[in-house]
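Notes to accompany the following structure.
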Amino acid sequence: MAERILTGIKPTGQLTLGNYIGVLKHLHKEVDRGECFYFIADLHALTLPIEPEVLRQNSIDLACFYLAAGLDPKKVTLFLQSSVSAHAELNAIMQNYLYMGELSRMTQFKDKSAKMKENAIGLGLFAYPVLMASDIILYDASIVPVGEDQIQHVELTRDLVNRINNRYGDILTMPKAEMRKVGARIMSLSDPTKKMSKSDPKGDIFLKDDLAVIRKKIMSAVTDSGSEVKYDVENKPGISNLLTIYAALKEISIEEAEKEFVNSRYGDFKKAVADVVCAEMEVFQKKYREILESKAYEEVLKEGAIKANKIANITLKRVKKAVGLLNID
Ligand code: ATP
Ligand code: MG
């Protein structure tokens, strides 16, 4: 069987440059390696409070972003998680094979719940990794392109696959997370010790920001003491983050980026970063607007759901049979 590649993004807010550099920008290249399944993780978006209309709009935006990033809908399957009911069904089975202790050790849960009152933390936020594991397992995905923050969840999925395969025979495919060498963790521009994250928008560049706003955000990004443009995450987190953004977008190594700026001052360096980001976003935003206006995403999501349902239901049946549930249809 050809490799299957799967990844999802939550429509929880406006996408950031972190999402773009960490995953979105590169997804179109994966078609050369196998069958691609990319989805809008709308069920996951419900794990934190969100207005229905906002969720709907974000989901449409995300479909357009995927397509604007160059995905060819004839070559990849693009779909809404909620339009494939097997995700929720497999989740109901898999939740019995992951344990409270391991779920409570997930850093995403710890980070997100730390900001909430205890009686406002939904069970869904806690159980998020179960659904994410189900997402991956359903498509027999062997490659899961993600940013660094999702590595822990994919590792947990691997533990689960081992557990199930040991108990019921080799019925599930073992997934592997894949990160970008440059750009797997883009940091906030206002606090470069924190991840750029769309549900914590201070210091983010949003993919829909006006180019003038993007330029302003980069020019006023927090930098570090000293004057040398050098990659040193510990002592120069701000400059290192900007170097990463520059290198990732130009698809060069950090060392090559450093060399370009050996004699530059911070101001000139920031201007060069802003130029690169704005040039890329200008093209991306134009495509996004065209797709949004043409509503081309509607047909793509419909067809994607048909294809995804077919594949997902095969795995679901296999799992149901293995654990002892009767398949009567
Ligand atoms: P949220 O705060 O709602 O979790 P998010 O920005 O982390 O938002 P997700 O939908 O959780 O977005 O993640 C989508 C993909 O983007 C994942 O593969 C994730 O690892 C990746 N990603 C998220 N933030 C970054 C970042 N700052 N740098 C690189 N990749 C990122
Ligand atoms: Mg996240």
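At-a-glance table
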| read-out | value |
| --- | --- |
| Computed [θ] at 222 nm, helices only, for the chain once each DSSP H run of length n ≥ 4 contributes -39500 (n - 2.57) | -16500 deg cm²/dmol |
| Per residue solvent-accessible surface (Å²) - the stretch 211-290, probe of 1.4 Å | 53 Å² |
| Linear extension gain, A114 paired with R33, 0.36 nm per residue minus alpha-carbon span | 25.2 nm |
| Sites T193 and R318, calculated FRET efficiency, Cβ-Cβ separation with R0 45 Å, nearest 0.05 | 0.50 |
| Rounded to 5, percent antiparallel among DSSP beta bridges of the chain | 20 percent |
| Carbon/sulfur fraction of accessible area - the stretch 211-290, other protein chains in place, 1.4 Å, % | 51 percent |
| Residues M219 and E255, FRET efficiency given R0 of 22 Å [Cβ-Cβ distance, rounded to 0.05] | 0.35 |
| Rounded D (µm²/s) - the stretch 130-208, Kirkwood Rh over Cα pairs, Stokes-Einstein at 20 °C, 1.002 mPa s | 151 µm²/s |
| Gain on full stretching of the segment that runs from D170 to M100 - 0.36 nm per residue minus C-alpha separation | 22.7 nm |
| Net charge dipole size for the stretch 211-290 [Lys, Arg +1 and Asp, Glu -1 on Cβ; Debye, nearest 20] | 480 debye |
| Binned Cα-Cα distances of the stretch 1-124, short to long, each 10 Å bin given as a whole percent | 11, 35, 37, 16, 1 |
| Net charge of Cβ neighbours under 14 Å - reference S294; Lys, Arg +1; Asp, Glu -1 | 0 |
| For peptides 71-81, 289-299, sequence by mean Cβ density within 10 Å, most packed first | 71-81, 289-299 |
| Cα-based radius of gyration of the chain once divided by 2.2 N^0.38 Å, which approximates compact folds | 1.03 |
| Accessible-area ranking of K181, K208, largest first, probe 1.4 Å | K181, K208 |
| 11 Å beta-carbon shell around M174, net charge (K/R +1, D/E -1) | -1 |
| Percentage relative contact order, the stretch 101-229, counting C-alpha pairs under 8 Å, at least six apart | 18 percent |
| Taking the convex hull of Cα positions in the stretch 211-290, its mean projected area over all directions (nm²) | 5.2 nm² |
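The values are calculated or read from the model by the stated rules, or taken from the named source; none is laboratory data. The structure presented is a predicted model; accordingly, all values stated were derived computationally and were not measured. Neighbour counts run over all protein chains shown; Cβ positions are idealised from the backbone, glycine included. The area values use the complete protein model at the heavy-atom level, side chains included, leaving out ligands, DNA and RNA. Shrake-Rupley method; radii C 1.70, N 1.55, O 1.52, S 1.80 Å.
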